[in-house]
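Chemist: Can you keep this structure in mind? I'll have questions shortly.
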Amino acid sequence: MKLLISFFFLVSVFHFCSASDYATNYAEKGEAAELKILTLPVTSDSNGLSYDYYYQSCPNAEAIISRKVKEWIDKDRTLAASILRLHFHDCVIKGCDGSILLNHEGSERSADVSKTLRGFEVIDDIKAELEKNCSRTVSCADILTSASRDATVFLGGSYWMVPYGRKDGKVSIDEEADKMVPNGHEDITSLIELFQSKGLNLVDLVILSVQDRLYNYQGTGKPDSTLPDRYLNFLTRKCRWASEYIDLDATSPTSLGNEYYKNLQKRMGLLSTDQLMYFDPRTQPLVNALAYTPQDFYPQLFGVSMTKLGNIVDPEVQQEGEIRTNCNYVNSY
Ligand code: HEM
């Protein structure tokens, strides 16, 4: 019964999402290839991105990105989560424009909030390969967006189609990252406001937050008084050494699924922002609904919210931006 109620609750909440979000979300990569031809418009709605952007200029772009992502994840599975996190940090500031990849003094990448970001080498490697195949064509922002979709699929998530055509931004400022990117100490109202300012809603917040649970969190802060004693003892033992890594999800750190929400119900959220989602009356009904969502359904919801995240673009960057030849630097020509 609980399962049925939560299913209908989520379905009704998702009526607020646009139809195009659904159109781009499919259960399986195989299915997507067929549906791609049958149902999708060539251009996505309002942001000028399109599904056939590289159709002529770099037809193998997606295949190259996917192959490279697989190669890296086969070597180190934790990189999948790191790529998703890079994408989130990128899109929060001036839209998805590859600004997080710029590697100069005072760039977003050198901000405090970026200190534990990983996976830059994956994007550099993909870019180098794409430059060999179709030089000066595929933006770093598009590479990061596409790689995030592929990383999700490798984590057991659903496939969705990515529209392309993002430009690479030329501006990247560390202070903006420290001001905008959440660090886990915010209250729920600030997170809701941040997400809303990016065109993302309450559901996207609760759905996307599950990513924080994948793999590890270094240097956890002070114990939260809401943690149950047994879990607190475990964390205290683990956190004796500054170098110790902690799974952000107590029971399912390596896969995408609703276990995270069940743990929040048991007060086993590690970041205080995560646990607050269970205590806040605006987000608690969603946490409860997601805890009882059928396992197969959750990845679909995740794909919808990720699509929205990846489609955040800044019109100014789209006009003034470029296609970088090296993701670390603005072009010198
Ligand atoms: C909603 C607000 C969010 C907050 C407050 C938040 C905060 C954090 C914090 C504090 C960490 C630990 C960093 C460390 O190890 O020092 C973390 C890790 C992580 N975050 Fe977030 N985050 C948020 C949203 C997101 C979103 C939307 C995504 C992806 C779609 C994401 C992906 C990740 C991943 C994958 C990790 C683990 C990285 C790894 O193991 O390499 N986060 N986050």
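This table checks each residue for (1) closer than 28 Å to residue 153 by Cβ; (2) assigned to a helix (DSSP H, G or I); (3) not aromatic (Phe, Trp, Tyr).
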site: 263; (1), (2), (3): yes, yes, yes
site: 267; (1), (2), (3): no, no, yes
site: 274; (1), (2), (3): yes, yes, yes
site: 277; (1), (2), (3): yes, yes, yes
site: 285; (1), (2), (3): no, yes, yes
site: 293; (1), (2), (3): yes, no, yes
site: 303; (1), (2), (3): yes, yes, yes
site: 308; (1), (2), (3): yes, yes, yes
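Chemist: Those residues that are in a helix (DSSP H, G or I) and of a type in the set (A, V, I, L, M), I need them from the stretch 162-187; list them, please. Give the steps one after another, and end with the answer.
Modeler: Restricting attention to the stretch 162-187, the residues satisfying the condition of being in a helix (DSSP H, G or I) are 174-180.
The answer is 177, 180.
Chemist: If you check residue 138 against the conditions, is it modelled with pLDDT under 95 and either over 22 Å from residue 207 (Cα atoms) or buried (at least 16 other Cβ atoms within 10 Å of the Cβ) (or both)?
Modeler: It is false that residue 138 is modelled with pLDDT under 95 and either over 22 Å from residue 207 (Cα atoms) or buried (at least 16 other Cβ atoms within 10 Å of the Cβ) (or both).
Table: residues versus (1) over 19 Å from the mean Cα position of the chain (by Cα); (2) surrounded by 15 or more Cβ atoms within 10 Å (Cβ to Cβ); (3) modelled with pLDDT of 95 or more.
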site: 171; (1), (2), (3): yes, yes, yes
site: 189; (1), (2), (3): yes, no, yes
site: 196; (1), (2), (3): no, no, yes
site: 208; (1), (2), (3): no, yes, no
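Chemist: Go through the stretch 161-203 and report how many residues are among the hydroxyl-bearing types (Ser, Thr, Tyr) and under 22 Å from residue 144 (Cα atoms).
Modeler: Qualifying residue count, the stretch 161-203: 3.
The values are calculated or read from the model by the stated rules, or taken from the named source; none is laboratory data. Predicted model, so just to flag it, every value in this text is computed and none were measured. Because the Cβ atoms are built from the backbone with ideal geometry, glycine has one as well, and the counts that use them run over all protein chains shown.
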